[in-house]
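Asks: What follows is a single structure, and I will ask about it in a moment.
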Amino acid sequence: MPELADIRLKVCGLRDNISEVVALRPDFVGFIFYPGSPRYVGDLETNKIKDIPESIKTVGVFVNQPIDQVKKIAHRYNLDLIQLHGEEPVDYCVELKAEDLNLIKVFSGNKLPEHKVLEEYSSFIDYYLFDTRGEKHGGTGKIFNWGKLADLRLKKPVFLSGGIDLENIKKLRELETAIYAVDVNSRFEISPGLKDIQSLERLKSIMTD
């Protein structure tokens, strides 16, 4: 069973109070470059991401976007990881890996893909991320059915998202699956893109106790 202190923290959907979140020293911070998201960063100044300490990994989130656009943004902001939140096929991941980019592939919905589908991606991604699915991509606040992960035997580490909050974070101790990191977003913000710093501080405290 996982210990919370061993699980890394990713805070996604940053935009309006980036420096305050960075001061909390999460392990990963995510920026959404998908125009359809209410947390879309737009044409964010490059230094807002490039000046983040190296100890905090920067993640760019994309959804079914032209691959040349993803490459351009990744290099412009010197992103540490690319998170693919759409239905990007394996070949899409292969092309990005050829650019020496690190990838998180998201699989959304309480019905997990067949194991052979997940395996097809394993050689061309660095992490899996499992999340709930809403009408829009990302930040639904709905709880993912964590118990369904127990049957998976994956070759790459797993990020877990979907409705994680200050109450249910402790239930991660009950899982039989190793979780590399948790990804929080909509349940830790005041409004889309504006994070609730006090709630994030409490989360970090719970995870490190």
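Asks: For segment 84-105, state whether one or more residues are touching a residue at least 60 places away in the same chain (Cβ under 8 Å) and under 16 Å from the mean Cα position of the chain (by Cα).
Replies: The answer is no, given that none of the residues of segment 84-105 is touching a residue at least 60 places away in the same chain (Cβ under 8 Å) and under 16 Å from the mean Cα position of the chain (by Cα).
Asks: Let me ask something additional. Condition first: among the hydrophobic types (A, V, I, L, M, F, W, C), farther than 20 Å from L129 by Cβ and in contact (Cβ under 8 Å) with a residue 60 or more places away in the chain. Now tell me which residues in segment 153-209 satisfy that.
Replies: Initial filter on segment 153-209 (among the hydrophobic types (A, V, I, L, M, F, W, C)): 154, 158-160, 164, 166, 169, 172, 175, 178-179, 181-182, 184, 188, 190, 194, 197, 200, 203, 206-207.
Subsequent filtering for residues that are farther than 20 Å from L129 by Cβ retains 166, 190, 194, 197, 206.
Scanning segment 153-209 gives L194, I197, I206.
Asks: Looking for something under 17 Å from K10 (Cβ atoms), among the aliphatic types (A, V, I, L, M) and in a helix (DSSP H, G or I) - is there at least one such residue anywhere in segment 59-71?
Replies: No - not one qualifying residue is present in segment 59-71.
Asks: Considering only segment 161-209, how many residues are surrounded by fewer than 13 Cβ atoms within 10 Å (Cβ to Cβ), under 23 Å from G109 (Cβ atoms) and basic (K, R)?
Replies: The total comes to 1.
Asks: Same structure, new question: Can you tell me which residue among L79, L84, L103, L112 is touching a strand residue (DSSP E or B) at 6+ places or on another chain (Cβ under 8 Å), at pLDDT below 95 and not polar (S, T, N, Q)?
Replies: Values: L79 fails: at pLDDT below 95; L84 fails: at pLDDT below 95; L103 fails: at pLDDT below 95.
Answer to the selection: L112.
Asks: Could you count how many residues in segment 13-44 are acidic (D, E) and within 18 Å of R202 (Cα to Cα)? It would help to see each step written out before you state the result.
Replies: If we filter segment 13-44 for residues that are acidic (D, E), which is where we start, we get 16, 20, 27, 43.
Next cut, within 18 Å of R202 (Cα to Cα) only: 20, 27.
Final tally of qualifying residues: 2.
Asks: Then there is this: When M1 is evaluated against the numbered criteria (1) in a loop (DSSP other than H, G, I, E, B); (2) modelled with pLDDT of 95 or more; (3) of a type in the set (A, V, I, L, M, F, W, C), which criterion, by number, is the only one it fails?
Replies: Among (1) in a loop (DSSP other than H, G, I, E, B); (2) modelled with pLDDT of 95 or more; (3) of a type in the set (A, V, I, L, M, F, W, C), M1 violates only (2).
Asks: Report yes if some residue within segment 89-97 is assigned to a loop (DSSP other than H, G, I, E, B), surrounded by fewer than 22 Cβ atoms within 10 Å (Cβ to Cβ) and at pLDDT 95 or above; otherwise report no.
Replies: Step one: of segment 89-97, the residues assigned to a loop (DSSP other than H, G, I, E, B) are 89.
Checking the rest, the ones that are also surrounded by fewer than 22 Cβ atoms within 10 Å (Cβ to Cβ) come to 89.
Next, only the ones that are at pLDDT 95 or above stay: 89.
Yes, some residue in segment 89-97 is assigned to a loop (DSSP other than H, G, I, E, B), surrounded by fewer than 22 Cβ atoms within 10 Å (Cβ to Cβ) and at pLDDT 95 or above.
The values are calculated or read from the model by the stated rules, or taken from the named source; none is laboratory data. Bear in mind the structure is a predicted one, so any value in this text is a computation, not a measurement. Please note: Cβ atoms are built from the backbone with ideal geometry, for glycine as well, and neighbour counts cover all protein chains shown.
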